[in-house]
Amino acid sequence: MNEKTHFGFKEVDVDKKSQHVGEVFHSVAEEYDLMNDAMSFGMHRLWKKILIELSELSEGSVVLDIASGTADIPKLINKKFKSVSMHVTDINESMLALGKDRAINENFFQNCNFALASGESLPYKDKTFDLVTVGFGLRNFTDKQKGLKEMKRVLKPGGVLLVLEFSKPTNSLFSRVYDWYSFNIIPKLGKLLANDSESYEYLAESIRVHPDQETLNEMVVDSGFGECKFYNLVNGVVAIHKAK
């Protein structure tokens, strides 16, 4: 019997999840930034800026961004640190192409290297990077633990991992309101903005089956990191996990 994993609230064969996720992101690629606005009330830009503030970056650092999407995080890093070497990756061809086009159009491509790559099997040598970031991508991994171990492998000693992801609200009333918004409004926005309610339903569901803050913290430590701590934003709707 084939091993199963979550695809939103559905169960699918482990070896088929990446295909299903790929279809979602091929579908939403052109409206990806609009999707992030819909799912975060437009606050994802602020959260990414907070991520950079936690990065401990300095000029000349080597950085890997996983599941880069439209390259928001590389753009912010490049704007603040002109001599950082950025490696921009995504497993999805449509998303990577959008990120590369944006880097050229908005003139932050000079120090960027682009690669089609899975976060669960990174094409880099051990101890390569000073910083690894993944923003709103870990929940789409088939094997999150494997991905975290890969991130640990490619980090230099003393390097920093930063994971920005939707998480579990700490207030029960707020959680109910957010659930209502996620399952009643976001799919309708998907239908209205992209003529695609099913992909947006998956994205809302994928948040609910993603590990909560404490569980993900344990997973990061179990992947070989010496310590990990997390920062709740907006009552835990989003959390940033930082490990060294």
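The values are calculated or read from the model by the stated rules, or taken from the named source; none is laboratory data. Values in this document were obtained by computation on a predicted structure and should not be read as measured data. Cβ: placed from backbone, ideal geometry, glycine included. Neighbour counts: every protein chain shown. The area values use the complete protein model at the heavy-atom level, side chains included, leaving out ligands, DNA and RNA. Shrake-Rupley method; radii C 1.70, N 1.55, O 1.52, S 1.80 Å.
Remarks
- Pairs from the table (K149/K229; K75/K191; K49/K242) lying more than 26 angstrom apart at Cα are K75/K191.
- Solvent-accessible surface of segment 133-244, averaged per residue with a 1.4 angstrom probe and all protein chains in place: 43 square angstrom.
- 0 to 90° range, to nearest 10: angle between helix 144-154 axis and the chain longest Cα axis: 10 degrees
- Close amide H contacts of H87 (hydrogens built in the peptide plane, cut-off under 5 Å, sequence separation of 5 or more or a different chain): V63, L64, D65, N113.
- If both residues of a DSSP beta bridge must be in the chain, then about 45% of such bridges are antiparallel.
- For R45 and Q110, the difference between the fully extended length at 0.36 nm per residue and the C-alpha to C-alpha distance is 21.2 nm.
- Rounded to the nearest 500, the 222 nm mean residue ellipticity of the chain from helices alone is -13000 deg cm²/dmol, with -39,500 (n - 2.57) taken per DSSP H run of at least 4 residues.
- Summing +1 for each Lys or Arg and -1 for each Asp or Glu among the other residues whose beta-carbon sits under 10 angstrom from that of H241 gives +1.
- Gain on full stretching of the segment that runs from E3 to T215 - 0.36 nm per residue minus C-alpha separation: 74.1 nm
- Projected label distance in nm at V62 and D101, using a 7 Å step from Cα toward the beta-carbon: 3.1 nm
- Beta bridges by DSSP in segment 19-159, antiparallel share as percent, to the nearest 5: 5 percent
- Carbon/sulfur fraction of accessible area - the chain, other protein chains in place, 1.4 Å, %: 51 percent
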